[in-house]
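Colleague: Dropping the structure in here first, questions after.
The values are calculated or read from the model by the stated rules, or taken from the named source; none is laboratory data. Remember, it's a predicted structure, so these values are computed and weren't measured experimentally. Please note: Cβ atoms are built from the backbone with ideal geometry, for glycine as well, and neighbour counts cover all protein chains shown. For accessibility, only protein heavy atoms count, side chains too; no ligands or nucleic acids. Shrake-Rupley method; radii C 1.70, N 1.55, O 1.52, S 1.80 Å.
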Amino acid sequence: MTIKPGKKVGLTIAQISDSHFSPFYSPKRFDKIINKLNQAQPDIVLFTGDLIENYRYWQTRDCTAISQQLAKINAPKGKFAIFGNHDYRSDGQPAVGQMLKDGGFVLLKNQSLQVDQLSLTGIDDGQEGHPDYDTLPKEAAFSILMVHEPDQVRHLPQLDRFDLILSGHSHGGQIRFPIKPYKNFGSKLYDQGIYMLTPQTGLVVNTGLGTTGPPLRFRVTPEILYFHL
């Protein structure tokens, strides 16, 4: 497999990650993301975890505002998601799962399914969840795996069963100093960009949309990634 810049041909897949909805990243702020996604007209949208920062904040607030925003994202062949470590904070995973469902997303938790000639697999979060690294893709022309922390790839016994692995978590360091950028647990080996793990398998680490800790970024741009197959 090769990954290179190109124009839209065939299937278009959009990846978003790490919105971290919180006091610093409101559902209203997500309007810009919705507009950009819908203008690009992706066939499939993939979300690689950390929908919210901490459920403690959302326990006493209207979570439907988040699911209503997610529902505005158009993807004719489906929207799919996995949990991130922050989605488990304060026992938030049931509520996050409901937000994703109400927003039209299918949660993949150690599961694989087929969309046309594409296999989509999601493995649970490596820090707070219960990942099953033996989860295998469906038989298909092209196979995509979603994991939240990019360093989870070290635990895959059959790495080359996947053509493309998509992750988030790192925020690209979020505050990226030139000399020694910060790398958080779960993204010590892989923290942003494209990595060819084998001649067959590529890993892409999305820098995400929101923030955790201090509500700022330095030298790391939030991103939506598009893949044309």
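The rows are residues; the columns are (1) part of a loop (DSSP other than H, G, I, E, B); (2) basic (Lys, Arg); (3) in contact (Cβ under 8 Å) with a residue 12 or more places away in the chain; (4) within 30 Å of THR64 (Cα to Cα).
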position	(1), (2), (3), (4)
SER112	no, no, yes, yes
THR121	no, no, yes, yes
ASP124	yes, no, yes, yes
GLN127	yes, no, yes, yes
PRO131	yes, no, yes, yes
THR135	yes, no, yes, no
ILE144	no, no, yes, yes
HIS148	yes, no, yes, yes
ASP151	no, no, yes, no
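Colleague: Another question, then. Scan (1) in contact with a Gly (Cβ under 9 Å, 6 or more places away or on another chain); (2) open to solvent by 70 Å² or more (accessible area, probe 1.4 Å); (3) of a type outside the set (Gly, Ala, Ser) for the single condition HIS169 breaks and write down its number.
Modeller: (2)
Colleague: Condition check: of a type outside the set (A, V, I, L, M), open to solvent by less than 20 Å² (accessible area, probe 1.4 Å), under 16 Å from the mean Cα position of the chain (by Cα) and on the phi > 0 side of the Ramachandran plot. Does ASP18 satisfy that?
Modeller: yes
Colleague: Is it the case that some residue within segment 121-144 is hydrophobic (A, V, I, L, M, F, W, C) and surrounded by 20 or more Cβ atoms within 10 Å (Cβ to Cβ)?
Modeller: Yes: one or more hits.
Colleague: Given the criteria open to solvent by 10 Å² or more (accessible area, probe 1.4 Å) and at pLDDT 95 or above, does TYR190 qualify?
Modeller: When the stated conditions are applied, TYR190 does not pass them.
Colleague: Looking at PHE162 and the list (1) at pLDDT 95 or above; (2) over 13 Å from the mean Cα position of the chain (by Cα); (3) open to solvent by 20 Å² or more (accessible area, probe 1.4 Å), which single condition is not satisfied?
Modeller: (3)
Colleague: Looking for something at pLDDT below 95 and more than 22 Å from VAL147 (Cα to Cα) - is there at least one such residue anywhere in segment 62-82?
Modeller: Going through segment 62-82, the residues at pLDDT below 95 turn out to be 62-63.
Within this subset, residues satisfying the condition of being more than 22 Å from VAL147 (Cα to Cα) are 62-63.
Yes - at least one qualifying residue is present in segment 62-82.
Results for (1) buried (at least 17 other Cβ atoms within 10 Å of the Cβ); (2) touching a residue at least 60 places away in the same chain (Cβ under 8 Å); (3) in contact with a helix residue (DSSP H, G or I) (Cβ under 6 Å, 6 or more places away or on another chain); (4) aromatic (Phe, Trp, Tyr), shown as yes or no for each residue.
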{"position": "LEU11", "(1), (2), (3), (4)": "yes, yes, no, no"}
{"position": "PHE24", "(1), (2), (3), (4)": "no, yes, no, yes"}
{"position": "THR48", "(1), (2), (3), (4)": "yes, yes, no, no"}
{"position": "LEU51", "(1), (2), (3), (4)": "yes, no, yes, no"}
{"position": "GLN68", "(1), (2), (3), (4)": "no, no, no, no"}
{"position": "VAL106", "(1), (2), (3), (4)": "no, no, no, no"}
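Colleague: Scan LYS101, LYS77, LYS36 and give me the residue that is within 17 Å of PHE227 (Cβ to Cβ), open to solvent by 10 Å² or more (accessible area, probe 1.4 Å) and assigned to a helix (DSSP H, G or I).
Modeller: Every option except LYS36 fails the conditions.
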